[in-house]
1. Of all residues in the stretch 178-196 being more than 10 Å from the ligand (Cβ to nearest atom) and part of a strand (DSSP E or B), which is farthest from residue 55 (Cα to Cα)?
2. Collect the residues in the stretch 2-34 that are within 25 Å of the chain's Cα centre (by Cα) and on the phi > 0 side of the Ramachandran plot, keeping them in residue-number order.
3. Does residue 35 meet the test of being in a helix (DSSP H, G or I) and touching a helix residue (DSSP H, G or I) at 6+ places or on another chain (Cβ under 9 Å)?
4. Look at residue 218 and say whether it is within 16 Å of the ligand (Cβ to nearest atom) and assigned by TED's automatic domain parsing to the domain that holds residue 66.
5. Among the residues of the stretch 256-284, what is the count of those that are assigned to a helix (DSSP H, G or I) and surrounded by fewer than 16 Cβ atoms within 10 Å (Cβ to Cβ)?
6. Return the pairs, sorted by first residue and then second, in which the second residue is surrounded by fewer than 23 Cβ atoms within 10 Å (Cβ to Cβ) and part of a helix (DSSP H, G or I), the first residue lies in the stretch 117-134 and is assigned by TED's automatic domain parsing to the domain that holds residue 66, the beta carbons are less than 7 Å apart, and the residues are 6+ apart or on different chains.
7. Specify which of the listed residues (127, 219) is out of contact with any strand residue (DSSP E or B) (no Cβ under 7 Å at 6 or more places or on another chain) and either modelled with pLDDT of 95 or more or on the phi < 0 side of the Ramachandran plot (or both).
8. Run down 122, 70 and say which single residue is surrounded by fewer than 19 Cβ atoms within 10 Å (Cβ to Cβ) and at negative phi.
Ligand SMILES: *Cc1c(COP(=O)(O)O)cnc(C)c1O
């Protein structure tokens, strides 16, 4: 599904130099590499503040803590996503309110958000699933009307650009009060371990996020609130700082692979290519087909026999997960998400796919 080894070989000297500089300085935590990467990521995304943390899940949790959400507050998330989005809501004692997604883009449905708002709703957490931004213009509008926070789960979408109808262009993670991303190795900007970051333009929120990520501490050993310990280590920052200058090339490589898949499958009736949101670029963290006219699992098996990996992201929507059973929800409540869970199939997608590999995958699908 990914080829991190070949990607490393192409920038090996930069990565090795970065890692060695950390080891030689022995500043494994809070080294200058962390600050350098933070500044470079601020420049790249246009966010006023980037706060690096330990992983994307922590970023989401810290975001909800920094907004001061309290047990019982309702947080709206899509039911078709990676579990982390709802997990942090549940861990904080907030109430996850899951809603359905759009069939074409697989992103959170704006109409469903509108219907789910109650007097207890405090925040919306849209997920930019598979690398394409959710309908942010409409979501921000709804949030404004109802006085809600928007926390973007941009773990799959770093570098994706959203264009508002007035022509303003903003990157994923820089549109809501807070944006969150992950540097898990297979993400579009991945480190060699765990990593994540929060993004915000609000100075006070940035200070609060930094404090919460550091044990709720502003003055050393004085703890103003209950926090967590979550940081990006210097070695991971060095790796990311070496990779960030290549992120745009990496995105282009993914888009070119996606264009090959589109050309191969775009006119088929038995599998549908990913629907596009005209307001967002797609950075293809995943290239996800909807297999509608043949047996998805049989196709996956056929590919496996030809050594072509394919994955199901995600086989079970949140409201059908055992840990998230809730009397408010039952099977059939979110028909689009349930249908997607039964038909999605993600193909190999990374920065190193060769024409030969793409030909082999495409012909393997038959
Ligand atoms: C990867 C991912 C996360 C969690 O990131 P980690 O760094 O693995 O904690 C959260 N949400 C989505 C949508 C993701 O893809």
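1. My answer is 178.
2. 30
3. For residue 35, the condition - in a helix (DSSP H, G or I) and touching a helix residue (DSSP H, G or I) at 6+ places or on another chain (Cβ under 9 Å) - is met.
4. Taking the combined requirement at face value, the residue does not satisfy it.
5. 4
6. Hits for this filter: 117/146; 121/146; 124/143.
7. Selected residue: 219, the only one of 127, 219 that is out of contact with any strand residue (DSSP E or B) (no Cβ under 7 Å at 6 or more places or on another chain) and either modelled with pLDDT of 95 or more or on the phi < 0 side of the Ramachandran plot (or both).
8. 70
The values are calculated or read from the model by the stated rules, or taken from the named source; none is laboratory data. Fair warning: this is a prediction, and the values are worked out from it, not measured in the lab. Here Cβ is always computed from backbone atoms with ideal geometry, including for glycine, and neighbour counts include all displayed protein chains.
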